[in-house]
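S.K.: Have a look at this one before I ask anything.
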Amino acid sequence: MSEEMQKKEGKKWKRLLLKWGVGIALPILLIGVLYGLQSVFMHHPSIGEAYVRGPFRVISFLPRKISSLIPVSITEIVVVSLVLAAPFLIAWLIIRIVRAVKEKRGKAFFYKRGRDLAWILFAIYFVFMLLHGFNFTRYTLEENMHFGQKNYSIEELQEVYAWVVTSLNEARSQCQEDENGVLSYPGGYPAFLKDMQNLYEDSAEKIDPILENAGRPKPVALSHYWSYTYIVGMYFPFFAEPNINIDVPFPDIVMNTCHEMSHLHGMAVENDANLAAMLIGINSASPELRYAGFCQALDLIDSDLSEAYNDDRDGYRDFIQNYEICDGYFRDYNACADYWLTLDPPEVVTTVANDVNDTFLVINQQDEGVYSYQMPTSNVADYYYSHVKK
């Protein structure tokens, strides 16, 4: 082979490497870099904390403001549109592939579509990381509030239990009920979702680690069908949009809304969002929110107290009988339980929904997957002794 031909061949390979490198390898490499950064930040939560308190709030400002101007779920519109358009898009792609192969342009066609796909995936992952992914790496809300540093005696847990039940009963007595005696809200769930922007922010002012980042929670029109996946809410970071299942009874809507809005406020880890939701509720001026917050607190402190009594079940029962929980609480509980009993989703639907959520969390460095929703029961006592009884 002549020197000139060798040069031409060398240039050909350089162009080929540059073409495939920049077109496909580079975006894949950048996706790996983003994932690596998230992994590194997990071991340096101070970086993640600084990101949430600074760049995240700036970057999420525009999408949440635009989203809040639209009363319906943008996420739902996009998802439904993609599902309906999918058969046509697939048919169009098949036609393009067949035509390209017939015209002997198959190699160029697959390269261009592969390049486009690689860069689109990178762009999606990049925006996701900015609006949610890096938030997984911050200090937990427990760490920010210095929880989990003390073990409590039975007497101390008894005091917390009494506070929770008393507060729950007081808040429930101030709430509006529907014709069945179940918790409701003046104006129904539409008014509640509209009011939640201000209600959440008012409570957040009392809880230092939860920063202002107001946004509008959205009702999902196809909520009834959504319930068959047992999903009650979803935060879609690309639109900074909390989406709420409105088919469930209202008592469930309250805490679900608080949970999804906590994601908007930078609480990406699920048990952080649960803890933030509970604290937002407890500190709210709205009796409906306070009641929902203390309902969640009751489950946790009851578990703590039961464990503290250990084998002394008679002592445990004797104590809790001194603090009767109002009838409204049990009506609300039964209404929610009865709702889920009316559903009989195919097992494959619930399994796929659970597996997808579990995979999403594991990919984002949450090794516990769907079990990361569970928060330490001691959070209630921690909050009581650090913020209520000072």
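S.K.: Go over the candidates Leu279, Leu211, Leu275 one by one and state the one that is farther than 19 Å from Leu69 by Cβ, in a loop (DSSP other than H, G, I, E, B) and either outside the structural domain of Asn334 (by TED's automatic domain parsing) or not β-branched (Val, Ile, Thr) (or both).
M.R.: Leu211
S.K.: Right, next: Do you know which of the residues in the range 250-289 that are charged (D, E, K, R) and buried (at least 24 other Cβ atoms within 10 Å of the Cβ) is nearest to the chain's Cα centre (by Cα)? Full working, then the answer.
M.R.: Going through the range 250-289, the residues charged (D, E, K, R) turn out to be 252, 260, 270, 272, 288.
Filter once more, keeping what is buried (at least 24 other Cβ atoms within 10 Å of the Cβ): 260, 272, 288.
On the way: Glu260: 5, Asp272: 10, Glu288: 21 Å.
By that ranking, first place goes to Glu260.
S.K.: Looking at (1) at pLDDT 95 or above; (2) part of a loop (DSSP other than H, G, I, E, B), which is the one condition that is false for Glu288?
M.R.: So the condition that Glu288 fails would be (2).
S.K.: Another one. So is Pro190 assigned by TED's automatic domain parsing to the domain that holds Phe250, in a helix (DSSP H, G or I) and over 30 Å from Gln321 (Cβ atoms) or not?
M.R.: yes
S.K.: Select from the range 189-199 the residues that are loosely packed, with under 13 Cβ neighbours inside 10 Å and either within 25 Å of Asp338 (Cα to Cα) or more than 24 Å from the chain's Cα centre (by Cα) (or both) and list them in ascending order.
M.R.: From the range 189-199, those loosely packed, with under 13 Cβ neighbours inside 10 Å are 190-191, 198; that's our starting set.
Pro190, Ala191 - these are the residues of the range 189-199 that are loosely packed, with under 13 Cβ neighbours inside 10 Å and either within 25 Å of Asp338 (Cα to Cα) or more than 24 Å from the chain's Cα centre (by Cα) (or both).
This table checks each residue for (1) surrounded by fewer than 21 Cβ atoms within 10 Å (Cβ to Cβ); (2) not aromatic (Phe, Trp, Tyr).
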| position | (1), (2) |
| --- | --- |
| Glu201 | yes, yes |
| Gly215 | no, yes |
| Tyr228 | yes, no |
| Phe238 | yes, no |
| Asn245 | no, yes |
| Val248 | no, yes |
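S.K.: Determine, yes or no, whether Tyr385 is free of Cβ contacts under 8 Å to residues at least 60 places away in the same chain, surrounded by 12 or more Cβ atoms within 10 Å (Cβ to Cβ) and more than 22 Å from His259 (Cβ to Cβ).
M.R.: Spelling it out, it is not the case that Tyr385 is free of Cβ contacts under 8 Å to residues at least 60 places away in the same chain, surrounded by 12 or more Cβ atoms within 10 Å (Cβ to Cβ) and more than 22 Å from His259 (Cβ to Cβ).
S.K.: In the range 142-181, what residues are farther than 21 Å from Ser303 by Cα and buried (at least 18 other Cβ atoms within 10 Å of the Cβ)?
M.R.: Answer for the range 142-181, where residues must be farther than 21 Å from Ser303 by Cα and buried (at least 18 other Cβ atoms within 10 Å of the Cβ): Met145, Ala171, Arg172, Cys175.
S.K.: Then there's this: Would a scan of the range 131-150 turn up a residue that is farther than 30 Å from Ser39 by Cβ and not assigned by TED's automatic domain parsing to the domain that holds Ala100?
M.R.: Going through the range 131-150, the residues farther than 30 Å from Ser39 by Cβ turn out to be 150.
Next, from what is left, pick out any that are not assigned by TED's automatic domain parsing to the domain that holds Ala100: 150.
Yes: one or more hits.
S.K.: Turning to a different aspect of this structure: Mind checking which residues of the range 323-338 are of a type outside the set (D, E, K, R), more than 14 Å from Leu168 (Cα to Cα) and either without any contact (Cβ under 8 Å) to a residue 12 or more places away in the chain or not assigned by TED's automatic domain parsing to the domain that holds Ile231 (or both)?
M.R.: The answer is Asn334, Ala337.
S.K.: Let me ask something additional. Name the residue that is nearest to Gly233 (Cα to Cα), counting only residues in the range 69-103 that are over 21 Å from the mean Cα position of the chain (by Cα) and of a type in the set (D, E, K, R).
M.R.: Applying the filter and picking the extreme gives Arg96.
S.K.: While we're looking at this one, here's another question. Every residue in the range 219-233 that is under 22 Å from Leu341 (Cα atoms) and either out of contact with any helix residue (DSSP H, G or I) (no Cβ under 8 Å at 6 or more places or on another chain) or not aromatic (Phe, Trp, Tyr) (or both), please.
M.R.: Once the filter is applied, which keeps residues that are under 22 Å from Leu341 (Cα atoms) and either out of contact with any helix residue (DSSP H, G or I) (no Cβ under 8 Å at 6 or more places or on another chain) or not aromatic (Phe, Trp, Tyr) (or both), the range 219-233 yields Val220, Ala221, Leu222, Ser223, His224, Tyr225, Trp226, Ser227, Thr229, Ile231, Val232, Gly233.
S.K.: For the range 294-307, check the following and say yes or no: at least one residue is outside any helix (DSSP H, G or I), assigned by TED's automatic domain parsing to the domain that holds Val182 and either among the basic types (Lys, Arg) or within 23 Å of Asp382 (Cα to Cα) (or both).
M.R.: No, the range 294-307 contains no residue that is outside any helix (DSSP H, G or I), assigned by TED's automatic domain parsing to the domain that holds Val182 and either among the basic types (Lys, Arg) or within 23 Å of Asp382 (Cα to Cα) (or both).
S.K.: If Lys104 satisfies all but one of (1) in contact (Cβ under 8 Å) with a residue 60 or more places away in the chain; (2) part of a loop (DSSP other than H, G, I, E, B), what's the number of the condition it fails?
M.R.: Every listed condition holds for Lys104 apart from (1).
S.K.: Same structure, new question: Quick check on the range 240-251. Is at least one of its residues in the same structural domain as Gln365 (by TED's automatic domain parsing) and part of a helix (DSSP H, G or I)?
M.R.: Yes, the range 240-251 contains a residue that is in the same structural domain as Gln365 (by TED's automatic domain parsing) and part of a helix (DSSP H, G or I).
S.K.: While we're on this one: With the condition kept exactly as written, say whether any residue in the range 170-178 is on the phi > 0 side of the Ramachandran plot and in a loop (DSSP other than H, G, I, E, B).
M.R.: No.
S.K.: Report, ordered by the first and then the second residue, all pairs with beta carbons closer than 9 Å, sequence separation of six or more or different chains, a first member in the range 74-97 that is not assigned by TED's automatic domain parsing to the domain that holds Phe239, and a second member that is of a type outside the set (A, V, I, L, M, F, W, C) and at pLDDT below 90.
M.R.: Partner pairs satisfying both residue conditions: Leu93/Arg113; Arg96/Arg113; Ile97/Gly106; Ile97/Arg113.
The values are calculated or read from the model by the stated rules, or taken from the named source; none is laboratory data. Here the structure is a predicted model, which means the values were calculated and not measured. Glycine also receives a Cβ, built like all others from the backbone with ideal geometry; neighbour counts cover every protein chain displayed.
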